[in-house]
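I have placed the structure first, in the form of C-alpha cells, so that the comments after it can refer back to it.
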Amino acid sequence: MRGDYAPSAMLRQFLDWYLTALNEGGYLLVALLMAAESSIIPLPSEVVIPPAAHLAHTTGRFSLVGIVLAGTFGSWLGATIMYWGARLAGRPLVLRFGRYVLVPPHKVEAAEQWAERFGSAGVFISRLLPVIRHLIGIPAGIVRMNYWHYALYTILGSAIWCTVLCWLGVTMGQDEALLRGELHRVTLWLVGICAVLGALYWFLVHRHMTRGQ
C-alpha cells in the first residue's frame, strides 16, 4: 500500500504547492519554471503548463493565451541561456565540465548528431520532444548557429508545445476521478502521455542519435 500511495501523495503535494504558488507568482512563475525546464534543470514541462491551464480554465484567474505566452517566453529564455553558455564556453569546456551540471559528454555528442542531421529545423522539432528539447541549445551554440534563426524556431516550437500542454491540462481537468487523486486514473494519464512522447522520441530522435554507433 505504501508503494502505491507514495507517487499519488507526491503528485498531490506538488500540485497543491504549485497551484497555491500560482496565485502569487502567476505568469512570472510559469515563465521561470519553463526557463528552468529549457535549461539543464530536469523539470518536465508536463508538470508546469497543464496545472496552470487547469487553474485558468476553472477559475478564470488567468487566460490560456497568457499561459502559452508565459511558457513560450520562459522556454525561449532558458534556451537562450543554454545557447550562449555553450557558444561562449566552446566545445572543449562543455565536454570537460558539462558532467558537473547534468550534461555528460555522451549527451552532448548525441545532441550534436541530432543537430547535424536536422539542422535549423531540428531546433523546431526538438521543442516538441522530451530529452532533446533542453539539450539542443548546446550544439547550436557550439557551432554558432545563427541566433535569430535559433530563437525563431525555439519560439515557434515552444508555442506549439505549450498550446498542446494547455489543451492537455484542460482535458485532464475534466476527469473527476483524476482530480480526486485516484491513483489508477493518474497512472492511466501518465502512461498515455509517456507512450505518446516515447513513440515520438524513438522515431524522431533515438534512431538517429544512435545510428552508426
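Return the residue satisfying two criteria in turn: it lies in the stretch 57-79 and is in contact (Cβ under 8 Å) with a residue 40 or more places away in the chain, surrounded by fewer than 22 Cβ atoms within 10 Å (Cβ to Cβ) and touching a helix residue (DSSP H, G or I) at 6+ places or on another chain (Cβ under 7 Å), and of such residues it is nearest to GLY137 (Cα to Cα).
If we take residues in the stretch 57-79 being in contact (Cβ under 8 Å) with a residue 40 or more places away in the chain, surrounded by fewer than 22 Cβ atoms within 10 Å (Cβ to Cβ) and touching a helix residue (DSSP H, G or I) at 6+ places or on another chain (Cβ under 7 Å), then LEU77 is nearest to GLY137 (Cα to Cα).
Just one of THR154, THR171 is under 26 Å from SER63 (Cα atoms), modelled with pLDDT under 85 and either in a helix (DSSP H, G or I) or in contact with a strand residue (DSSP E or B) (Cβ under 8 Å, 6 or more places away or on another chain) (or both); which is it?
Just one listed residue meets the conditions, THR171.
Limited to the stretch 25-39, what total is found for residues that are among the β-branched types (Val, Ile, Thr) and under 15 Å from LEU129 (Cα atoms)?
The number of residues fulfilling the criteria is 0.
List the residue pairs whose Cβ atoms are under 6 Å apart, where the first residue sits in the stretch 25-44 and is of a type in the set (A, V, I, L, M, F, W, C), the second is in a loop (DSSP other than H, G, I, E, B), and the two are 6 or more positions apart or on different chains.
Within 6 Å, the pairs are LEU33/VAL48; MET34/VAL48; ALA36/LEU43; ILE40/LEU102; ILE40/VAL103.
Does LEU28 satisfy the condition of being farther than 22 Å from TYR150 by Cα, out of contact with any strand residue (DSSP E or B) (no Cβ under 7 Å at 6 or more places or on another chain) and surrounded by fewer than 22 Cβ atoms within 10 Å (Cβ to Cβ)?
Answer is yes for this residue.
Got a sec? Which helices (runs of 4 or more DSSP H) wholly within the stretch 40-146 have at least 3 residues that are more than 19 Å from the chain's Cα centre (by Cα), of a type in the set (D, E, K, R) and at pLDDT 85 or above?
none
Only one of LEU22, LEU32 is modelled with pLDDT of 70 or more, touching a Gly at 6+ places or on another chain (Cβ under 9 Å) and hydrophobic (A, V, I, L, M, F, W, C); which?
Details: LEU22 fails: touching a Gly at 6+ places or on another chain (Cβ under 9 Å).
So the residue among LEU22, LEU32 that is modelled with pLDDT of 70 or more, touching a Gly at 6+ places or on another chain (Cβ under 9 Å) and hydrophobic (A, V, I, L, M, F, W, C) is LEU32.
The values are calculated or read from the model by the stated rules, or taken from the named source; none is laboratory data. Bear in mind the structure is a predicted one, so any value in this text is a computation, not a measurement. Please note: Cβ atoms are built from the backbone with ideal geometry, for glycine as well, and neighbour counts cover all protein chains shown.
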